[in-house]
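Report on one structure; see the data block that follows.
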2 protein chains.
Amino acid sequence: MTIENLSVNKSFGGWHKQYSHYSNTLNCNMRFAIYLPPQASNGQKVPVVYWLSGLTCSDENFMQKAGAQRIAAELGVAIVAPDTSPRGDDVADDDGYDLGKGAGFYVNANQAPWSKHYQMYDYIVQELPDLIESTFPVSDKRAIAGHSMGGHGALTIAMRNPQRYMSVSAFSPISNPVNCPWGQKAFTAYLGKDKELWRQHDASELMRKATQFVPAKVDQGESDDFLSEQLKPEMLEAAAKVSGYPLELNLHEGYDHSYYFISSFIEQHLQFHASYLNQ
Amino acid sequence: MTIENLSVNKSFGGWHKQYSHYSNTLNCNMRFAIYLPPQASNGQKVPVVYWLSGLTCSDENFMQKAGAQRIAAELGVAIVAPDTSPRGDDVADDDGYDLGKGAGFYVNANQAPWSKHYQMYDYIVQELPDLIESTFPVSDKRAIAGHSMGGHGALTIAMRNPQRYMSVSAFSPISNPVNCPWGQKAFTAYLGKDKELWRQHDASELMRKATQFVPAKVDQGESDDFLSEQLKPEMLEAAAKVSGYPLELNLHEGYDHSYYFISSFIEQHLQFHASYLNQ
């Protein structure tokens, strides 16, 4: 497995780096970014927070806009930001911003024309961590976090793999995709008509039935334009009550769906993850 | 004078807002961004740091990437980020990224075809602060800062107007534009062949002859690809020694020309400005 370094920037005493590698899971070249805190240059194996971005994003949005490196450097955690879908000229796409490239929804597609490349679930759960842990000075302690579509991805991946993640957090997640337009469109395309399969990738469905708990923190802006139609955090909260899930859900007056919201609260999220990762 | 609000985002308890207005100085519509810290919503008049961006940038780069809002909110200072040139279909442009739109160089052009719109010096020094101070809950205490071309702009504007600015800072400024390719190309186009006029917009020339001092802080990455050919901070340091100018110049191993560098040290810059603005 070879990876190619694309860029290097010093940041808060650590290093932001972009890499390209061929993904056998996705059958295409993929780019990801990693932030290695100063501790990683001192022979220490640091834990990793995986960040899953939202619709239309690449590995760059979070690294450039969230202001996370300052806190990651303090706490001694690495951050890995993958892309949000397979990429390349021969990868199927759709005219909508909410399907196809930039909108992989962190599931394994089983429908044509998507199934050849859109296997983002397996990429995030297995191939990427394997690559990261065999390449960089990191431990196998993992947390996962994300925004919007990536919040959906983080919550569902953590709850389906409680043995692999010590904590999970989300900003403005698509909390109940089986009941919102974004989720219904993507799941119909990628997963077909079997609604039982859809529910296996729905954070509220998984949280309602959970018996193994990955501690979860969710923050949501009350002025988010997508709140009532697409995000529905109240469904997640109701599900947590049924199963007794350790969900910390906070609503924030005036905040919207943008990185101005994420940057305002990313410090709390990384502190939350570090409290588990650095135990 | 009317201005139109284009966007609003809550950020660290304050507000990031973008506005459009017609500039009589530039003869075109201009966009700027302002960050108003929480203190400005409580009836307090806050001081303002003006941020001048570098080549190719708009009002958005700094606001999205620098991570400055967290510190501005703590310190109670507003930040105003103007665009880097006049804009619009009837504004003269050049194929190069370093001349024309996105590259106004913060001077008043006196050469065709530039002189009709490229009056960025007057816009930054007078028209924009007049607009800001008559529109928002801010005081007339001002600091000015910038990056690269904007570092040149901040240093030269502060030194030419010591009564208007309490402090000045720059990341990776074009320190001696009369002696580097970027500066020579822009000054030839905008100011013509009169090198005496060029020197009036050269930070090192102004610093060498300065008799009134605006405290200055400059940070420069040692792995900056533009360091030796375009930026030349050693010329600024030498000039400061001649005049006894209060210049704090810091070099940083491993850091480059990007916002990863700016975000790593923006807290120090805002603390520097607040120490003068909040006196």
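Annotation: of all residues in region B:261-279 being within 12 Å of another protein chain (Cβ to nearest Cβ) and of a type in the set (Ser, Thr, Tyr), the one that is nearest to the chain's Cα centre (by Cα) is B:SER263.
Considering only residues in region B:17-34 that are under 18 Å from the mean Cα position of the chain (by Cα) and within 14 Å of chain A (Cβ to nearest Cβ), the one that is farthest from B:ILE71 (Cα to Cα) turns out to be B:GLN18. For beta carbons closer than 8 Å, sequence separation of 6+ or different chains, a first residue in region B:62-81 that is within 12 Å of chain A (Cβ to nearest Cβ) and among the β-branched types (Val, Ile, Thr) and a second that is open to solvent by less than 10 Å² (accessible area, probe 1.4 Å) and part of a helix (DSSP H, G or I), the qualifying pairs are B:ILE71/B:ILE266; B:ILE71/B:LEU270. So is B:LYS241 of a type in the set (Lys, Arg) and in contact (Cβ under 8 Å) with a residue 24 or more places away in the chain or not? Judged against the criteria, B:LYS241 is not a match.
Restricting attention to region A:65-103, the residues that are under 15 Å from A:PRO113 (Cβ atoms) and either of a type in the set (Val, Ile, Thr) or in contact with a Leu (Cβ under 7 Å, 6 or more places away or on another chain) (or both) total 3.
Taking the numbered list (1) touching a residue at least 24 places away in the same chain (Cβ under 8 Å); (2) of a type outside the set (A, V, I, L, M, F, W, C); (3) under 25 Å from B:ASP93 (Cα atoms); (4) away from every other protein chain (no Cβ under 14 Å) in turn, B:GLY43 passes all entries but (3). Confirm whether A:THR25 is open to solvent by 20 Å² or more (accessible area, probe 1.4 Å), over 22 Å from A:ARG142 (Cβ atoms), among the β-branched types (Val, Ile, Thr) and touching a residue at least 12 places away in the same chain (Cβ under 8 Å). No. Of the strands (runs of 3 or more DSSP E) lying entirely inside region A:13-61, the ones with 3 or more residues being under 22 Å from A:ILE157 (Cα atoms) are found at A:28-36, A:46-52.
Just so you know, in region B:219-260 the residues that are over 18 Å from B:SER53 (Cα atoms), of a type in the set (A, V, I, L, M) and open to solvent by 20 Å² or more (accessible area, probe 1.4 Å) include one that is farthest from the other protein chains (Cβ to nearest Cβ), and it is B:VAL242.
The values are calculated or read from the model by the stated rules, or taken from the named source; none is laboratory data. A quick note: this is a predicted structure, and the numbers were derived from the prediction, not measured. Note that each Cβ is placed from the backbone with ideal geometry, even for glycine, and that neighbours are counted across all protein chains shown. Quick note on the areas: whole protein, heavy atoms, side chains included, nothing else; ligands and nucleic acids left out. Shrake-Rupley method; radii C 1.70, N 1.55, O 1.52, S 1.80 Å.
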